[in-house]
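The values are calculated or read from the model by the stated rules, or taken from the named source; none is laboratory data. In this text, all values refer to a predicted model and were calculated from it rather than measured experimentally. Here Cβ is always computed from backbone atoms with ideal geometry, including for glycine, and neighbour counts include all displayed protein chains. Areas reflect the complete protein model, heavy atoms only, side chains present, ligands, DNA and RNA absent. Shrake-Rupley method; radii C 1.70, N 1.55, O 1.52, S 1.80 Å.
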Amino acid sequence: MRTIIFTVVLFLSLAAYGQKTVTGYGEYTYYVPENVTLEQARSIAIERARLDAIAKVFGTNVSQTNTVSVRKDGELSETVFNSFGGTEVKGDWIADSKKPEVNVRYDGGMVIVEVKVWGKIRENPTADYDLSVQVLCNGTVCERFIDCDRLSVCFKSSVKGFLSIFLVDENANRAYCLLPYENEDGKARAISQNKTYMLLSTDDPLYPYHEETILTADKPVEYNRLVFIFSKNQFSMPLADMGCYLPELPASDFVHWIQKNRLKDVEMRVIEKVVEINK
């Protein structure tokens, strides 16, 4: 059986950063399901602890996401509609001020991950522009891939600005720049207002390759993060010591690069989407 998940176009209301930056503390206890690895559990617990820290300082907004899932098995198909309610914090995690504390314990056969985090948080009080980000698998809106499926991205902004896209491979602990391309001189892509872009695709006039981006997996299931960095202002890409643009770098250096840019640029937003790749 092959499952294809179609996600309804989701416009993310993005807030203009306020100038208020504070140090916050958060914690989270994660009861790990059987189908989640310990590495994934640590990442989930740290992220939720960061959200807890932001919510404590700046509060939350209610949000909702709708999805349509089409499951295909030969000639048969099943359509499932889901609506997920949740909350969105009114701020952004800028950087860790000290290393997160992670404690893993076991209770009655269940794995429990306890996390404490400390970091710099910036208020995000008002929305002044919208972004639409869609991940496509073989031309269809979907975040679940099979080995060697084609990846592309549909992007639209309500304001003009600049965009970069990275893929973070957790297994290799590396970050790879997907946008800008090799022929764009290491500069973030200029984005026009209210224009729909098909990126990482041969439909993009600036795309320099004959074939579209392919996602592969060595393990039965792998997860990669697509990181979208957008700002109203031009921003510098990661550079080597000699001043040359780096299209690939360690994941830790990539995180540090984002943190430095966000501290300097109150207009910068970072959106992450996790893609699943099945062997």
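Quick check on Tyr197: is it among the aromatic types (Phe, Trp, Tyr), open to solvent by less than 30 Å² (accessible area, probe 1.4 Å) and within 17 Å of Ile229 (Cα to Cα)? Spell out the reasoning first.
Working: among the aromatic types (Phe, Trp, Tyr): yes; open to solvent by less than 30 Å² (accessible area, probe 1.4 Å): yes; within 17 Å of Ile229 (Cα to Cα): yes.
Spelling it out, Tyr197 is indeed among the aromatic types (Phe, Trp, Tyr), open to solvent by less than 30 Å² (accessible area, probe 1.4 Å) and within 17 Å of Ile229 (Cα to Cα).
Output the residues belonging to region 163-173 that are over 18 Å from Met198 (Cβ atoms) and in contact (Cβ under 8 Å) with a residue 12 or more places away in the chain.
Kept after step one, since they are over 18 Å from Met198 (Cβ atoms), are these residues of region 163-173: 166, 168-173.
Hits for region 163-173 are Phe166, Val168, Asp169, Glu170, Asn171, Asn173.
Among the numbered conditions (1) at pLDDT below 90; (2) in contact with a strand residue (DSSP E or B) (Cβ under 7 Å, 6 or more places away or on another chain); (3) surrounded by 15 or more Cβ atoms within 10 Å (Cβ to Cβ); (4) not small (Gly, Ala, Ser), the only one that Ile214 does not meet is (3). Of everything in region 1-49 that is farther than 26 Å from Ala95 by Cα and either modelled with pLDDT of 85 or more or touching a Cys at 6+ places or on another chain (Cβ under 7 Å) (or both), the residue that is surrounded by the fewest Cβ atoms within 10 Å (Cβ to Cβ) is Phe6.
Which of the following residues is under 15 Å from Leu167 (Cβ atoms) and touching a Cys at 6+ places or on another chain (Cβ under 9 Å): Leu226, Leu178, Leu215, Leu200? Steps first, please.
Values: Leu226 fails: touching a Cys at 6+ places or on another chain (Cβ under 9 Å); Leu178 fails: touching a Cys at 6+ places or on another chain (Cβ under 9 Å); Leu200 fails: touching a Cys at 6+ places or on another chain (Cβ under 9 Å).
Leu215 is the lone residue from the list that is under 15 Å from Leu167 (Cβ atoms) and touching a Cys at 6+ places or on another chain (Cβ under 9 Å).
Close Cβ contacts (under 8 Å, 6 or more residues apart or on different chains) running from residues in region 174-193 that are part of a strand (DSSP E or B) to residues that are modelled with pLDDT under 90 and hydroxyl-bearing (Ser, Thr, Tyr) comprise Leu178/Thr213. Which one of these is at pLDDT 50 or above, in a strand (DSSP E or B), open to solvent by 40 Å² or more (accessible area, probe 1.4 Å) and among the aliphatic types (A, V, I, L, M): Val104, Val57, Val117? Of the residues listed, the single one that is at pLDDT 50 or above, in a strand (DSSP E or B), open to solvent by 40 Å² or more (accessible area, probe 1.4 Å) and among the aliphatic types (A, V, I, L, M) is Val104. Selection over region 221-249 of residues that are at pLDDT 85 or above and open to solvent by 40 Å² or more (accessible area, probe 1.4 Å) gives a count of 5.
Here is a yes/no grid of residues against (1) modelled with pLDDT of 90 or more; (2) more than 28 Å from Gly186 (Cβ to Cβ); (3) crowded, with 17+ Cβ neighbours inside 10 Å; (4) not aromatic (Phe, Trp, Tyr):
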site	(1), (2), (3), (4)
Glu123	no, yes, yes, yes
Leu131	no, no, yes, yes
Asn138	yes, yes, no, yes
Phe145	yes, no, yes, no
Ser157	yes, no, yes, yes
Leu167	yes, no, yes, yes
Ala172	no, no, no, yes
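The numbered conditions (1) more than 30 Å from Gly26 (Cβ to Cβ); (2) without any contact (Cβ under 8 Å) to a residue 60 or more places away in the chain; (3) not in a strand (DSSP E or B) are all true for Met198 except (3).
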